[in-house]
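Encoded as structure tokens, the structure appears first; notes follow it.
The values are calculated or read from the model by the stated rules, or taken from the named source; none is laboratory data. The structure presented is a predicted model; accordingly, all values stated were derived computationally and were not measured. FYI the Cβ positions are ideal-geometry reconstructions off the backbone, even for glycines, and counts take in every protein chain you see. Accessible surface is based on the protein model in full, side chains and every heavy atom, while ligands, DNA and RNA are left aside. Shrake-Rupley method; radii C 1.70, N 1.55, O 1.52, S 1.80 Å.
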Amino acid sequence: MEHVDVAIVGAGLAGLSCAYSLAQAGLDVLVVERGDYPGSKNVTGGRLYMNPVRRYMPEIWDEAPFERYVCKERLTMLSDNSSLTLELRSDDFAKKPHHSYTLLRPVFDRWLAERTTAAGAAIVSKYKVDGLLRQGNRIAGIKAEGEEIGANVVVAADGALSFMAEEAGLSYERDPAHFAIGVKETLELPREVIEDRFGLHDEEGCAQLCFGSITKGLTGGGFLYTNKQSVSIGIVLGIAALMTSTEQLETVQLMESFKERAEISKLIKGAETVEYSAHSIPEGGINSIPRLYGNGILVVGDAAGFALNMGIIVRGMDLAIASGAIAAEAIKSAKQRGDYSSSSLSSYEAMLKNSFVLGDLYTFRNVWNVLNNPRLFEKYPAAITAILQELMWVGSDPKQKLSSTVLKHLRKMMNMPTLKDTLEFLKI
Ligand SMILES: Cc1cc2nc3c(=O)[nH]c(=O)nc-3n(C[C@H](O)[C@H](O)[C@H](O)COP(=O)(O)OP(=O)(O)OC[C@H]3O[C@@H](n4cnc5c(N)ncnc54)[C@H](O)[C@@H]3O)c2cc1C
């Protein structure tokens, strides 16, 4: 039976960053990917925040095939027939080294896989891992396509709903409330059209996050990222919200309505769809992560539930890259000790706790509860846009006082029968 130091299941960003670091240190690493090539099955919005990951693989970032650096941030709140967009442009976003870049996974992952192979790792695509090998109470390798490959450590980098973590007995029963589903399209447009429509120059890019009536009251939102010659557009919905929806809404249907919105359709008019994908996203935060290590196994990236949706910031790729690199450090130390037991590999979790990975997941542990408020998606956008519209509207009748206008809409939003009830509720 073939035997390697480390077998990594999944050539996504978590698996590749782990393999890159291990191969550089001279370990014998095999990465197994079920897709046709690294990046072929991977979905992201996507924008990568650079500051968290620059310290990992520092020597290769300069040559990474990024699309555009984001210098324009937009947040759009939509009601049924109106919208409010906040746009933030700052010189700081334009300074080098850049804060964040848009990217396309089929290009980016493929490039990272080439760098990882050049560092000495073996990557085998079109090869699906079917299960784990066990020796006594430890994981001792992988089973794939009828073959068995022994390993001192297996790294589960197989993404959200990790089958490997489940088979190793590390994950808990999955709760639909901890997952979202995302659909994404890549729409091709000429470079100058993108720059004209989004008001960009050269390598500048725009990231636009949208929430409100586009998800018909369900937890979630839409996104739009500019690439060099394409726009990535998509919609993300909480799975539990979708399952309990009485309207039997479908993600594809909501995506089409999102694209047809007046605010969006003019940005993507005439574009050709060149890629369509859908993927689950672990959004349960720190309360839903599995056990991160066991005898002979570590769990990284989405497989470990390392994603963070804060409404105005969506992160997963930086956590995947960092957790992969940190797992590699834990494995290198375990190799020096010649001990791949659970207690030896527990240094992985200790290092994660000292990093932004578990640090940020802990700090924002309650964000999902905040985002799960249906008012955010229906009532607040409707009330805020209605108030602003009325304030800016000049009709033929005398205009109401500002306070009366605001109170009228708050009363409507809160379904308060009288003005007195509203004032009491607001403690005014
Ligand atoms: C719609 C959407 C928008 C997002 N937007 C952003 C964003 O803007 N910014 C951001 O930072 N994050 C974003 N994310 C999250 C981010 O994409 C993920 O956190 C990231 O891709 C996780 O990387 P990973 O390597 O852990 O997992 P993945 O990229 O999912 O890689 C897992 C790999 O394992 C392989 N695999 C699975 N099972 C097996 C098997 N049995 N055998 C062999 N191979 C296997 C898969 O084919 C895949 O290549 C978004 C996600 C989605 C779905």
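Placing +1 on the Cβ of every Lys and Arg and -1 on the Cβ of every Asp and Glu, with no other charges, gives the range 182-244 a dipole of roughly 440 debye about its Cα centre. Between the Cα long axis of helix 402-413 and the first principal axis of the chain there is an angle of about 60°, rounded to the nearest 10. Counting only protein heavy atoms and a 1.4 Å probe, the range 38-93 has 47 square angstrom of accessible area per residue.
Evaluating 6.51 cos²θ - 1.76 cosθ + 1.60 at θ = phi - 60° for every residue in the range 314-324, the Karplus couplings come out as 10, 10, x, 5, 5, 5, 5, 4, 5, 5, x Hz, glycine and proline recorded as x. Counted over all Cα-Cα pairs of the chain, pairs farther apart than 31 Å make up 44 percent. Count Lys and Arg as plus one, Asp and Glu as minus one, and take only other residues whose Cβ is under 14 Å from that of residue 51; the net charge is then +3. For the range 163-204, the ratio of Cα radius of gyration to the globular rule of thumb 2.2 N^0.38 Å stands at 2.24.
Over the range 291-428, what percent of the accessible surface lies on carbon and sulfur atoms, probe 1.4 Å?
On the way: 4170 of 7180 Å².
Ligands and nucleic acids excluded, carbon and sulfur give 58 percent.
Computed with a 1.4 Å probe over protein heavy atoms only, the accessible surface of the range 306-398 comes to 49 Å² per residue.
Positive end of the dipole of the range 1-130 (Cβ unit charges, origin at the Cα centre): among 7, 69, 79, the Cα lying farthest that way belongs to 79. Whole Å is fine, so just give me how far the alpha carbon centre of the range 148-188 lies from that of the range 87-111. So the two Cα centres are separated by 26 Å.
Considering only DSSP beta bridges with both partners in the chain, what is the antiparallel share in %, to the nearest 5? It would help to have the intermediate numbers written out before the result.
Values: 55 of 81 bridges.
Antiparallel: roughly 70 percent of the beta bridges in the chain.
The aspartates and glutamates whose alpha-carbon is closer than 18 Å to the alpha-carbon of residue 269, local same-chain residues fewer than 8 away aside, are 185, 188, 192, 195, 196, 256, 260.
Taking the Cα centre of the range 144-279 as the origin, how large is its charge dipole in debye, to the nearest 20, when only Lys and Arg (+1) and Asp and Glu (-1) carry charge on their Cβ atoms?
Details: 10 positive and 23 negative charges, 143 e Å.
Once rounded to the nearest 20, the dipole reads 680 debye.
If you place +1 on the Cβ of every Lys and Arg and -1 on the Cβ of every Asp and Glu, how big does the dipole about the Cα centre of the chain come out, in debye to the nearest 20? Walk me through the numbers on the way to the answer.
Numbers: 45 positive and 52 negative charges, 269 e Å.
The dipole magnitude comes to about 1300 debye.
Principal axis analysis of the Cα atoms in the range 90-146 yields extents of 58, 25, 20 Å, listed in decreasing size.
Between the helical axis of 105-119 and the longest alpha-carbon principal axis of the chain there is an angle of about 30 degrees. Other residues lying with their Cβ under 14 Å from the Cβ of residue 317 contribute a combined charge of 0, Lys and Arg counting +1, Asp and Glu -1.
By the rule of a C-alpha distance below 23 Å, with chain neighbours fewer than 8 residues away ignored, the lysines paired with residue 420 are 379, 399, 401, 408, 412. Taking the accessible area of the range 53-194, probe 1.4 Å, and keeping the other protein chains in place, the carbon and sulfur fraction comes to 49%.
Per the helix-only calculation at 222 nm, which mean residue ellipticity applies to the chain, given -39500 (n - 2.57) for every DSSP H run of n ≥ 4 and division by its residues, nearest 500 deg cm²/dmol? Intermediate values should be presented prior to the final figure.
Numbers: 16 runs with 145 residues, N = 428.
Roughly -9500 deg cm²/dmol at 222 nm, from the helical runs in the chain.
The value given for the range 183-248 is a Kirkwood hydrodynamic radius of 13.2 Å, derived from the mean inverse Cα-Cα separation. Springs between Cα atoms under 10 Å define the GNM used for the chain, and in it the highest mean-square fluctuation of 252, 357, 394 occurs at 394.
In this structure the range 189-283 gives 44 Å² per residue of accessible area when probed at 1.4 Å with all protein chains present. Within the chain, the longest segment free of exposed loop sites, counting GluC sites (Glu not before Pro) that fall outside DSSP classes H, G, I, E and B and have at most 16 other Cβ atoms within 10 Å, spans 251-428. The solvent-accessible area of residue 335, taken with every protein chain present and a 1.4 Å probe, is close to 90 Å². Per the Debye formula on identical point scatterers at the alpha carbon atoms of the range 265-346, with no solvent, log10 I(q)/I(0) at q = 0.18, 0.25, 0.27 Å⁻¹ is -0.83, -1.14, -1.22.
Please report, largest first and rounded to whole Å, the three semi-axes of the ellipsoid equivalent to the range 330-407, where each semi-axis is the square root of five times an eigenvalue of the C-alpha gyration tensor. Spell out each step's value before the answer.
Values: eigenvalues 678, 22, 15 Å².
So the equivalent ellipsoid measures 58, 11, 9 Å along its semi-axes.
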